[in-house]
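> Below are the structure tokens for one structure; questions will follow.
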Amino acid sequence: MNYTLREMMTIMAAREISDGDIVFCGTGISLVAAMAAKYITAPNSIIFFETGAIDSQLEEIPMSVADPRVMYSAASNGGLLEAFATMQNRITGDRVIGILGAAQIDKYGNLNSTAIGDYFRPVTRFSGSGGACDVASFVPRCLIFMQHEKRKFPKKVDYLTSPGYLDGPGAREKAGLMPGGPTAVITNLGLMRFDQETKEMYLAHYYPGTTPQKILDNMEFEVDISRATEARPPTLNELNILREKVDPQKLIL
Amino acid sequence: MNYTLREMMTIMAAREISDGDIVFCGTGISLVAAMAAKYITAPNSIIFFETGAIDSQLEEIPMSVADPRVMYSAASNGGLLEAFATMQNRITGDRVIGILGAAQIDKYGNLNSTAIGDYFRPVTRFSGSGGACDVASFVPRCLIFMQHEKRKFPKKVDYLTSPGYLDGPGAREKAGLMPGGPTAVITNLGLMRFDQETKEMYLAHYYPGTTPQKILDNMEFEVDISRATEARPPTLNELNILREKVDPQKLIL
Amino acid sequence: MSADQGKVMALDEAIRSYVKDGCHISIGGFTLSRNPMAAVYEIIRQKIRGLHCYAHSNGTGVDELVGGGCIAKLEIAYGGNAKSAPTCIRFKTAIQRGEIQFEDYTNYQMALRFHAGAMGVPFITTRSSFGTDIVNKWGFSKEMREKDPKIPDNKLVVLDNPFGNWGNASKVILIPAINPDVTIIHVQKADKFGTCRMMGLAYADVDQAKAARNVIVTCEELVGSEELRAEPEFNQIPFIHVSAVVPIPFGAYPTACYRYYDYDPQYLSQHSAFAKVDKLYREYLDKFIFGVKDHQGLLNLVGKVQLEKIKADPRTGYATGLDRK
Amino acid sequence: MSADQGKVMALDEAIRSYVKDGCHISIGGFTLSRNPMAAVYEIIRQKIRGLHCYAHSNGTGVDELVGGGCIAKLEIAYGGNAKSAPTCIRFKTAIQRGEIQFEDYTNYQMALRFHAGAMGVPFITTRSSFGTDIVNKWGFSKEMREKDPKIPDNKLVVLDNPFGNWGNASKVILIPAINPDVTIIHVQKADKFGTCRMMGLAYADVDQAKAARNVIVTCEELVGSEELRAEPEFNQIPFIHVSAVVPIPFGAYPTACYRYYDYDPQYLSQHSAFAKVDKLYREYLDKFIFGVKDHQGLLNLVGKVQLEKIKADPRTGYATGLDRK
């Protein structure tokens, strides 16, 4: 069966979402994954946006978290304060799974979405945290989308925008953060998780057609590949959902 | 012309309100004073309540600041957080005049509305601060309604619920409070103000039919009476406003 | 819980499930408006004991809980209830007799404490109450605080402003968050999943709900989700915060529910007369609370004629011209 | 100002009165929705310089202010604008060239900073960003901060929880309040005194307005006070916070205004193409901003056909089926 790598990534993420989860979404592929999950594994998951929309009825794909499409028929339309409080608050926050992206990630899952090079005179400036640092600070589980390229998996991020496990076991708690941290990094080549003990990234799954070694070749730091298995490709049903129900206009995929 | 002492007190308070003031109101006589001011000196004053109603259209007199009558046709109906922020915030807070009452007041205008006797096993327990301490902490001007009785003007209040000038000049600032403090104490016998320098209460006006000495006899502490003049009684117009426009049902007066 | 039914429950079941002896509780509303009175009376009826109650100015409801013997500890800003009880009578009596432990705050502070709880921070800042006994007199001792993990170690903390004179403030007061085990509110409209639409003033209901581990919503009307979702910006509480939804017409009676009914001045002033005398108050409880099966039973005692009198005028939202003397 | 007219002003007069060279400013909206674009373009047209701008994610508006040369200092959480500019192009260019001073925060932190400003406290608490460069890297140096009384002495402060482990938090981050000299927001409906009704998401507009010394409200429709006062609980901003009211249909264009019109994907993607090349961007400014007298002039260049395409569908509130590729 034919499928694109973006479709594969989307399905890998969708499978990480459990029924009843409150899914913090950005736009693009992360949103498509959250929308797909509602048809696949998690019919009662709730999509919500940092702008304050909760359980939006997404008849069309929003291009921004402030897109009027997120406002339509939501359970409530609040504002930024309410949205982030939902995550900072342990009562609702513990039910949230975040989906983030970044320009760089290190082996502890720390993210850079601010700048490459010097902070004051960067080679490349990106958008900055937005709500990413907040989400990464607050919620117990995070999925991270990345493109697998050496420069995007450096030994040290140029700017630490959003906390992963900082510098290893116990570091989040010591710094003052809530427990939590990234649960999976989903790239165009495979899916990585973090070791329970060391908090270091390891390869959990490689996609059909690639190899653990090829993945290592695309990272600056080394990860354990001993636990890696081949990922299960998207099913026909999953692909139909993506293509027919979630993004029929092909805005994202 | 005949008038009651409560009418006199109400008019004395109403005259303290300037046009454009935002008037923080409780209920009872303080509310009637604020309503009367809109007909007399301050047509553009704005009545607002700690419950969050701003510029309510008071067709009937509310019996509580949570009475549905304060909600009708307001500019906005918020909540407690918004109401108190309006006063704590210097931008709007500096325009607010508060009207309070209490069980005890000392010479620096500190108020007790919590308990007489020991805090833990009081002889008489009152309602407590409500929003009074907040208002007294935040706003630059406060009017205070009191009954003139010795036990209500003690040397020291049994419990300091709402700050006046604490223990004198500079004490508010030293404690961390914003500048401000009570501007007038209006009783059934006269009107007291606070000396610019000493921050101590002094008698500014005594009502027709009473004397400064009689007022002194009704206080535990001594106040300067050298500046006292006789108060101007309510005019016919003022009385008509009270009786016909503000409280025709005689719920308060 | 089936999807069809959503979170809809009977009141007695909801109270039994979420309001346990000794739990920390807050109720919505303010003085004589939108208190969840049906729920309050059910708590009394179920003889729940030892509650730790957080209140800003929840007059009618908290006074009944005190009078009903349900409350052991009370953190409160205001125990008054308008003309019929400038100081709530059972509250006053209980404190004067040393029957409950209590601690005083201000209304803004209590609202901020719920706000901090809803936000998920341990404390929040204010500039209210410097130099007063609100700061200096603690109702709960340091020892008691340190022994009980459900009470913060300090009542309030004064902190020098670490940002210099930013905001023209040399100091601030830090006040600890509240996260009740359960909050009960009464709203005009809710759907079966718990999304709420309140009309008129919201007081501190939204933060009280969002701060709580469990939330019981009683409502005048159970409406379809599509009605509420037509204007999501006016739904103050989304369903994710709510544990149980209980439709109860007149669920705030004898307090007011804006656009539905006014407070009942007759019930409240009779209540005050009863509350002043222990024996009469016991008789009142026996007749109006223990003597009936549920809130409808109380409403039956009050009678249709009286309920008709307090019906809200559609223009003003209250009972225009109601005799309130 | 006469009572008849309320606070209604022409846009150029409102900008001239309240937006001065070097003043501290914030604008409402979020990325491609409800930015006060007519006001932004008027600021550029009036060649106001040296602004200190506070932004969470005010994508379109802030990027134009940067591109228009109006901003000297920028405190910001997010400089992105959806598909057409994942990183806002003039923002990116200005930072890479060292043309503006800037400092990074998170979206929640910026929202909280406005909240603290609205509340009137010098700082507020959060648990976001421990251990990150948001805390460790300051855009504005300690020296610069101490010299400028309009910038707080610290970017952020980490404080040990003085309430023990209350809230399961060992530490908190304190973030300083923002009180802009002026905030400009665009809303769906306002009355002539400045009471506002927003539809859809409010973002952080309410706190941005309440935190500011002066507030300019631009609105799609100027409506009678009685219309807004029929449901006061849904008016997010009462008039007491507002200095000027400017009715401007399509005042948020090319960003969206829920229930009125969608964002214009065509304008935004063309804009991105212009923004990538200095010369083209100058030509764009010359034609669309400086080349027209006012916002209506810009709308005329865009043309009625295009504006018709983005008109909101009454059911969904946006332009259903709009080509957004």
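Bear in mind that the values in this text are calculations on the coordinates, not laboratory data. Everything quoted here is computed from the prediction, not taken from an experiment. A quick note on method: Cβ atoms are made from the backbone with ideal geometry, for glycine too, and the neighbour counts reach across all protein chains shown.
> Add +1 for every Lys or Arg and -1 for every Asp or Glu among the other residues with Cβ under 13 Å from the Cβ of C:C88, and state the total. Spell out each step's value before the answer.
Working: positive: B:R125, C:K83, C:R90, C:K92, C:K276; negative: C:D63, C:E64.
Summing Lys and Arg as +1 and Asp and Glu as -1 gives +3.
> List the distances, in nm and shortest first, from the label point of C:K142 to the matching label points in every other copy, placing each point 7 Å from Cα along the Cα-to-Cβ direction.
Nearest first, the other copies' label points are 3.3 nm away.
> Determine the calculated [θ] at 222 nm for chain D from helices alone, applying -39500 (n - 2.57) to every DSSP H run no shorter than 4 residues and normalising by the residue count; nearest 500 deg cm²/dmol.
Numbers: 13 runs with 101 residues, N = 325.
-8000 deg cm²/dmol, from helical runs alone.
> Per residue of C:193-201, count partner chain C-beta atoms within 10 Å of its C-beta, then hand back the mean as an integer.
The mean count of partner-chain Cβ atoms within 10 Å per residue comes to 6.
> Using Cα centres only, tell me the gap between region D:260-325 and region C:259-302 in whole Å.
When both Cα centres are located, 64 Å separates them.
> Let me ask something else. How far is B:E173 from the same spot in each other copy, in nm, shortest first, if each label point sits 7 Å from Cα toward Cβ?
So the distances to the same position in the other copies read 4.8 nm.
> On average, how many beta carbons from a partner chain sit within 10 Å of the beta carbon of a residue in B:151-162?
On the way: counts 0, 0, 0, 0, 0, 0, 1, 1, 6, 8, 6, 6.
Other-chain Cβ atoms within 10 Å of each residue's Cβ, averaged: 2.
> How would A:F153, A:F24, B:F194 line up from fewest to most surrounding beta-carbon atoms within 10 angstrom? Don't jump to the answer; show the numbers that get you there.
Details: A:F153 25, A:F24 32, B:F194 22.
Neighbour counts put them in this order, fewest first: B:F194, A:F153, A:F24.
> Return the chain A residue and its Cβ-to-axis distance, rounded to the nearest Å, for the rotation relating A to B.
A:L81, 5
> Determine, from the Cβ-Cβ distance of D:F140 and C:V158 and an R0 of 35 Å, the FRET efficiency 1/(1 + (r/R0)^6), rounded to the nearest 0.05. Show your work: numbers first, answer last.
On the way: r = 29 Å, r/R0 = 0.82.
With R0 = 35 Å, the Cβ-Cβ based efficiency is 0.75.
> Pull out a ≥ b ≥ c, the square roots of the eigenvalues of the alpha-carbon gyration tensor of region A:5-246, then state rounded if a/c is under 1.5, prolate if not and a/b is larger than b/c, and oblate in the remaining case. Can you show the working numbers first?
Numbers: a/c = 1.57, a/b = 1.17, b/c = 1.34.
In terms of gyration-tensor shape, oblate.
> Measuring from a point 7 Å out along Cα→Cβ, what nm distances, shortest first, does B:R232 have to its partners in the other copies?
Relative to the other copies, B:R232 has label-point distances of 8.8 nm.
> Moving on. Once the piece of chain linking A:N240 and A:N2 is laid out straight, how much longer is it, given 0.36 nm per residue of separation minus the C-alpha distance between them? Numbers along the way, then the final one.
On the way: separation 238, 0.36 × 238 = 85.68 nm, distance 1.18 nm.
That pair, A:N240 and A:N2, stretches by 84.5 nm at full extension.
> Given labels modelled 7 Å from the Cα in the Cβ direction, how far is it in nm from D:N165 to A:R227?
Going by the 7 Å Cα→Cβ label model, 2.8 nm.
> With each run of n ≥ 4 DSSP H residues scored as -39500 (n - 2.57), what mean residue ellipticity at 222 nm is computed for chain A after dividing by its residue count and rounding to the nearest 500 deg cm²/dmol?
Numbers: 8 runs with 57 residues, N = 253.
Estimated from H runs of four or more residues: -5500 deg cm²/dmol.
> Here is a further query. Ranking request for peptides D:304-313, D:248-257, A:201-210: highest mean number of other beta-carbon atoms within 10 Å first, then the rest in descending order. Let's see the in-between values first.
Numbers: D:304-313: 14.2, D:248-257: 26.8, A:201-210: 18.3.
Descending packing order for the listed peptides: D:248-257, A:201-210, D:304-313.
> In what sequence do A:I99, B:I22 fall when counting other Cβ within 10 Å, fewest first? Numbers along the way, then the final one.
Values: A:I99 25, B:I22 21.
Exposure proxy ranking, most exposed first: B:I22, A:I99.
> Something else about it: Over 29 Å between Cα atoms: which of B:K152/C:K150; A:K250/D:K311; B:K174/B:K214; C:K73/C:K287; C:K150/C:K276; C:K287/C:K311 fall into that group? The partial results should precede the final answer.
Numbers: B:K152/C:K150 38 Å; A:K250/D:K311 23 Å; B:K174/B:K214 36 Å; C:K73/C:K287 26 Å; C:K150/C:K276 33 Å; C:K287/C:K311 24 Å.
B:K152/C:K150; B:K174/B:K214; C:K150/C:K276, as the Cα separations exceed 29 Å there.
> Sort C:R197, B:R90, D:R113 so that the residue with the fewest other Cβ atoms within 10 Å of its own Cβ comes first and the one with the most comes last. Intermediate results must be reported in sequence, preceding the final value.
Details: C:R197 21, B:R90 16, D:R113 29.
Lowest count first: B:R90, C:R197, D:R113.
> What is the local net charge at D:E103, summed over the other residues whose Cβ is closer than 12 Å to its Cβ (Lys, Arg +1; Asp, Glu -1)?
Values: positive: D:K73, D:R113, D:K137, D:R145, D:K155; negative: D:E75, D:D104, D:D133.
That works out to +2.
> Right, next: How far apart, in nanometres, would the label points at C:D278 and A:E173 be if each is projected 7 angstrom from Cα along the Cα-to-Cβ direction?
Once both label points are built, they end up 5.2 nm from each other.
> Looking only at B:P182, B:P169, B:P68, which one moves most when chain B is put into a Gaussian network model with springs between Cα atoms under 10 Å?
B:P68
> Can you give me the relative contact order of chain D as a percent, contacts being Cα pairs under 8 Å and 6 or more apart? Don't skip to the answer; put the middle values down first.
Values: 677 pairs, mean separation 62.6, N = 325.
Averaging sequence separation for qualifying contacts and normalising by length gives 19 percent for chain D.
> Treating cross-link reach as a plain straight distance, find the lysines whose alpha-carbon is under 19 Å from the alpha-carbon of A:K156, omitting any fewer than eight places away in the same chain.
The reachable lysines, counting only those whose Cα sits under 19 Å from A:K156, are A:K107, A:K199, D:K137.
> Turning to a different aspect of this structure: Among chain D residues, which Cβ is nearest the axis of the D-onto-C rotation, and at how many Å?
Result for the axis mapping D onto C: D:F234, 3.
> If you don't mind, there's one more thing I want to ask. When Cβ neighbours within 10 Å are restricted to other protein chains, what is their mean count per residue of peptide A:132-142? Write down the numbers at each step before the final one.
Details: counts 4, 14, 12, 4, 4, 11, 5, 0, 0, 0, 0.
The mean count of partner-chain Cβ atoms within 10 Å per residue comes to 5.
> Cα centroid distance between region D:67-133 and region C:1-67, in Å?
43 Å
> In terms of the Cα gyration tensor, with a ≥ b ≥ c the square roots of its eigenvalues, is the protein assembly as shown rounded because a/c is under 1.5, prolate because a/b exceeds b/c, or oblate?
Prolate, since a/c reaches 1.5 and a/b exceeds b/c.
> For labels at D:E221 and B:E149 in the simple 7 Å Cα→Cβ model, what's the distance in nm?
Computed distance between label sites D:E221 and B:E149 equals 5.7 nm.
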